[in-house]
Amino acid sequence: PLPPLFTPKEVSAAISSSPTRKAPGHDLIVQPLLKHLPRKGLVFLTQVYNAIMRTTHYPHQWKHATVILIPKPNGSKADPANYRPISLLPLLSKIFERLLLSRLLGHLESCIP
């Protein structure tokens, strides 16, 4: 059976619980933009997420990250070993993952004593 559809209320809660001061992915969408979506935009985004669940097709663009290098505090910037990579994923994919996580946790809590 198909899992229950996401609701605009769930999508709005997932957006609101996302950190506000995070760097955007390659799509340049930031959390405050999504947080202030009008109702029609929220309904459309909910339909997109439900279509992903129905078709099991995850958007190809959401699978790509922008990797940036952050220098470690006490090292030579000339040494490549003194950098750590950070992967910046598109916010729309992170919101979808947050929605899935809440569903999975709810299911697991009912299955695992």
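How large is the charge dipole for the chain, taken about the Cα centre, if only the Cβ atoms of Lys, Arg (+1) and Asp, Glu (-1) carry charge, to the nearest 20 debye?
260
Using a Cα-Cα cut-off of under 20 Å, which aspartates and glutamates could be cross-linked to Lys63, ignoring same-chain neighbours fewer than 8 residues away?
Cα-Cα hits under 20 Å: Asp27, Glu97.
Ordered by residue, what ³J(HN,Hα) values in Hz, to whole numbers, does the range 53-63 give under the Karplus form 6.51 cos²θ - 1.76 cosθ + 1.60, where θ = phi - 60° and Gly and Pro are x?
Calculated HN-Hα couplings, in order: 5, 5, 8, 6, 9, 8, x, 4, 5, 6, 8 Hz.
Which one of Ser93, His36, Val48 is farthest out on the positive end of the charge dipole of the range 8-107, using unit charges on Cβ (Lys, Arg +1; Asp, Glu -1) and the Cα centre as origin?
His36
Give me P(r) over the range 40-103, computed from all C-alpha to C-alpha distances, binned every 5 Å, as integer percentages.
Final binned percentages: 4, 15, 19, 17, 12, 9, 9, 7, 6, 4, 0.
Which net charge results when you count Lys and Arg as +1 and Asp and Glu as -1 among the other residues whose beta-carbon is under 14 Å from that of Pro71?
Charge balance near Pro71 sits at +2.
For the pair Thr55 and Ser110, how long in nm is the line joining their label points, each one 7 Å along Cα→Cβ?
Taking the two extended label points, one gets 2.8 nm.
Would you grab the residues whose amide H sits under 5 Å from the one on Tyr83? Only those 5+ places off in sequence or on another chain, please, with H modelled 1.01 Å from N.
Answer set, sorted by chain and number: Lys72.
I need the P(r) histogram for the chain: all alpha carbon pairs, bin width 5 Å from 0 out to the longest distance, whole percents.
2, 10, 17, 18, 17, 12, 9, 6, 5, 3, 0, 0
If amide H atoms are built 1.01 Å from N in the plane of the peptide, which residues on other chains or at least 5 residues away come under 5 Å of the amide H of Leu88?
Thr66, Val67, Ile68
Using a 7 Å offset from the Cα along the Cα-to-Cβ direction at both Lys35 and Leu69, what is the distance between the two label points in nm, to one decimal?
Here the modelled spin labels are 3.3 nm apart.
Excluding Tyr83 itself, calculate the net charge of residues whose Cβ lies under 11 Å from the Cβ of Tyr83, where each Lys or Arg counts +1 and each Asp or Glu counts -1.
+2
Tell me, in nm to one decimal, what length is gained between Tyr83 and Phe44 on full extension, where the rule is 0.36 nm per residue of separation less the Cα-Cα distance?
Full extension from Tyr83 to Phe44 adds 10.1 nm.
In whole Hz, with x marking every Gly and Pro, tabulate ³J(HN,Hα) for the range 91-100 from phi via Karplus 6.51 cos²θ - 1.76 cosθ + 1.60, θ = phi - 60°.
4, 4, 6, 5, 5, 4, 4, 5, 5, 4
Using DSSP loop states and a limit of at most 15 other Cβ atoms within 10 Å to flag trypsin sites (Lys or Arg not before Pro), what is the longest stretch of the chain containing no flagged site?
The answer is 23-76.
None of the figures in this text is laboratory data; all of them are computed from the coordinates on show. Predicted, not measured: the structure shown is a model, and the values here were computed from it. A quick note on method: Cβ atoms are made from the backbone with ideal geometry, for glycine too, and the neighbour counts reach across all protein chains shown.
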